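Data first, discussion second: the structure below is written as structure tokens.
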Amino acid sequence: MRLVIVGGSDAGISAGLRARELDPAVEVMLLLADRFPNYSICGLPFYISGETADWRDLAHQKLPDLESAGLELLMEHQVTSIQPEAKLVHATGPESRPVSLHYDKLIIATGAELVRPPIPGLDLEGVHLLHTMEDSFRVQAAGAALGGGRALVIGGGYIGLEMADSLTHRGLRVTVVEQLPAVMPTVDAELGNLVAEELGRHAVTVRTGVAVERIERIERNAGRLVATGSGGFEGEFDLVLVAVGVRPSADLAVAAGIEIGTRGAIRVNRCMETTVADVYGAGDCVETWHRLLQRPLYLPLGTTAHKQGRVAGERAVGGQAEFQGSLGTQVVKVFDLAVARTGLRQDEALHEGFQPVTTETRVWDHKAYYPGAHELTIRVTGDRRSGRLLGAQMIGHPAGQVAKRIDIFATALFHAMTVDGLSDLDLSYTPPFSAPWDPVQVAAQEWAREVPRAPAG
Ligand SMILES: Cc1cc2nc3c(=O)[nH]c(=O)nc-3n(C[C@H](O)[C@H](O)[C@H](O)COP(=O)(O)OP(=O)(O)OC[C@H]3O[C@@H](n4cnc5c(N)ncnc54)[C@H](O)[C@@H]3O)c2cc1C
């Protein structure tokens with residue numbers, strides 16, 4: 001049996017490894033457009049900042065490990081079409097060599113592509129987008145060559161803000177422009193404003209409610225880039241980085257007659273099957289089943305790509321795995337802040353027909369008498385009718401274990417717990433790390449006080 005996988009990143013490699021783990025006899029061939037199999041693109045900001053000195057360290061697993069696990073990798077092979085009726089994949093290899101492969105099972109794991117906003121000047125030298133290893137080499141080289149200077153980041157989402165941190169680390173003076181009223185639109189605007197304050201503390205200029213409309217090169221001014229936008233925005237920069245989101249890379253699937261679902265992503269069921277027999281999909285190119293809403297959304301995240309790939313790989317060799325769904329759990333570091341969320345926010349829950357109540361709690365991450373305590377801000381959203389937990393947002397110093405604490409909420413959400421139920425969890429405690437009631441439980445109890453329920457029995 002031959003399993004062909006298009007894409008050699010998080011989803012594709014996870015699929016291939018799982019298939020071989022379950023069936024060492026299966027022939028697994030991966031075709032990838034670039035020459036960087038299994039590289040952590042989530043790590044690109046840290047390579048560009050210089051915190052991870054060698055890009056080779058970004059590999060989740062190195063090529064010899066992948067090969068010894070039985071994966072055959074065809075690098076620099078751009079798949080150009082899929083013929084499901086003949087079970088063929090056509091690609092262009094190095095030196096434009098045509099390659100056609102027969103498959104018994106096929107997994108499409110082509111990821112996402114960057115959204116290019118319609119701003120004149122995006123093709124100018126010095127204007128960068130960031131999605132691939134090759135992109136990161138260009139940004140890293142430009143940042144290093146500048147050794148200072150001014151950078152503009154267009155887009156205040158999580159990648160834009162990671163890059164503001166990264167480029168500041170490189171010694172550049174950074175401006176972030178976001179067209180929405182607050183940065184980090186994945187969390188409530190009040191929390192986004194706390195992130196903006198943190199950026200300000202690190203000399204990053206933040207302009208919200210501003211849309212960049214044009215980028216030009218002004219030769220008379222040392223060839224600098226001039227960006228102009230709404231609200232009279234104008235600035236001169238040495239480097240511009242555009243980070244305004246991604247869209248699913250689904251053209252191959254569309255051309256092969258595979259059905260497309262939400263936001264242009266490949267339609268898949270929870271077995272990661274597409275609408276065409278023996279063709280599966282996984283990762284940023286497909287829809288993601290939302291566990292709480294029980295319907296597909298588009299939620300491109302590395303964690304999800306790994307899980308979906310694993311399910312697709314297992315299914316392709318006859319296994320019974322099902323994707324259990326995402327809650328959109330995510331965390332990001334912006335200088336000395338960690339910002340995280342899981343599940344739904346108040347506005348999203350309201351839109352979905354719940355009766356949401358959201359409370360905010362400020363609480364020390366550990367007993368304040370032990371040195372190094374930091375305040376956490378935690379927002380809990382629960383349903384007034386059922387008492388069910390719907391979501392949580394958290395912001396605080398990374399030492400306050402924001403990432404692990406949002407994961408407690410994510411675990412509770414995964415198991416459809418009530419907000420009240422969080423108080424019953426047996427969580428660890430010692431004064432340097434927590435309190436007898438963990439901050440998660442303090443926040444849950446605050447919510448329960450706001451939404452009193454009749455005592456049981
Ligand atoms: C800067 C940055 C930071 C991020 N940080 C985080 C984070 O902290 N946490 C998180 O959960 N997620 C993060 N993400 C998102 C995460 O990286 C993606 O969700 C994840 O990489 C998706 O994996 P994938 O395998 O679906 O697609 P990709 O990683 O995009 O890989 C797609 C693969 O398909 C190949 N391919 C595409 N088209 C073809 C073709 N026609 N023929 C052959 N091969 C093809 C490519 O070469 C590549 O191998 C980040 C993303 C970026 C850009």
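The values are calculated or read from the model by the stated rules, or taken from the named source; none is laboratory data. No experiment lies behind these values; they were computed from the predicted model shown. A quick note on method: Cβ atoms are made from the backbone with ideal geometry, for glycine too, and the neighbour counts reach across all protein chains shown. These accessible areas exclude ligands, DNA and RNA; they are computed on the full protein's heavy atoms, side chains included. Shrake-Rupley method; radii C 1.70, N 1.55, O 1.52, S 1.80 Å.
Pairing each residue of segment 343-371 that is under 14 Å from residue 436 (Cα atoms) with any residue that is assigned to a helix (DSSP H, G or I) and of a type outside the set (Ser, Thr, Tyr), provided the two are 6+ apart or on different chains, yields C-beta distances under 8 Å for 363/439; 363/442; 363/443; 364/439; 365/399; 365/400; 365/439; 366/400. When restricted to residues that are surrounded by fewer than 21 Cβ atoms within 10 Å (Cβ to Cβ) and near the ligand (Cβ under 9 Å from one of its atoms), segment 42-54 contains 2. Within segment 179-188, can one find any residue that is assigned to a helix (DSSP H, G or I) and farther than 24 Å from residue 138 by Cα? Within segment 179-188, not a single residue is assigned to a helix (DSSP H, G or I) and farther than 24 Å from residue 138 by Cα. Taking the criterion of being open to solvent by 10 Å² or more (accessible area, probe 1.4 Å), touching a residue at least 60 places away in the same chain (Cβ under 8 Å) and within 13 Å of the ligand (Cβ to nearest atom), the residues of segment 276-304 that qualify are 280, 284, 300, 302. Given the criteria under 17 Å from the mean Cα position of the chain (by Cα), without any contact (Cβ under 8 Å) to a residue 40 or more places away in the chain and surrounded by fewer than 20 Cβ atoms within 10 Å (Cβ to Cβ), does residue 181 qualify? No, not satisfied.
Taking the numbered list (1) touching a Lys or Arg at 6+ places or on another chain (Cβ under 7 Å); (2) more than 20 Å from residue 93 (Cα to Cα) in turn, residue 42 passes all entries but (1). Restricting to segment 141-177, give me the number of residues that are open to solvent by 40 Å² or more (accessible area, probe 1.4 Å), among the hydrophobic types (A, V, I, L, M, F, W, C) and more than 14 Å from the ligand (Cβ to nearest atom). Total meeting the criteria: 4. Residue 377 falls short of the stated requirement of being open to solvent by 30 Å² or more (accessible area, probe 1.4 Å) and either in a strand (DSSP E or B) or without any contact (Cβ under 8 Å) to a residue 60 or more places away in the chain (or both). When 353, 343 are screened for being open to solvent by 40 Å² or more (accessible area, probe 1.4 Å) and either out of contact with any Phe, Trp or Tyr (no Cβ under 6 Å at 6 or more places or on another chain) or under 26 Å from residue 428 (Cα atoms) (or both), only 353 passes.
Of the residues making up segment 12-28, those that are open to solvent by less than 10 Å² (accessible area, probe 1.4 Å) and within 13 Å of the ligand (Cβ to nearest atom) number 4.
Contact annotation: residue pairs with Cβ atoms under 8 Å, 6 or more positions apart or on different chains, pairing a residue in segment 243-268 that is of a type in the set (Asp, Glu) with a partner that is open to solvent by 60 Å² or more (accessible area, probe 1.4 Å) and more than 14 Å from the ligand (Cβ to nearest atom), are 259/267; 259/275.
Put simply, of 257, 200, 223 the only residue that is open to solvent by 20 Å² or more (accessible area, probe 1.4 Å) and in contact with a strand residue (DSSP E or B) (Cβ under 8 Å, 6 or more places away or on another chain) is 200.
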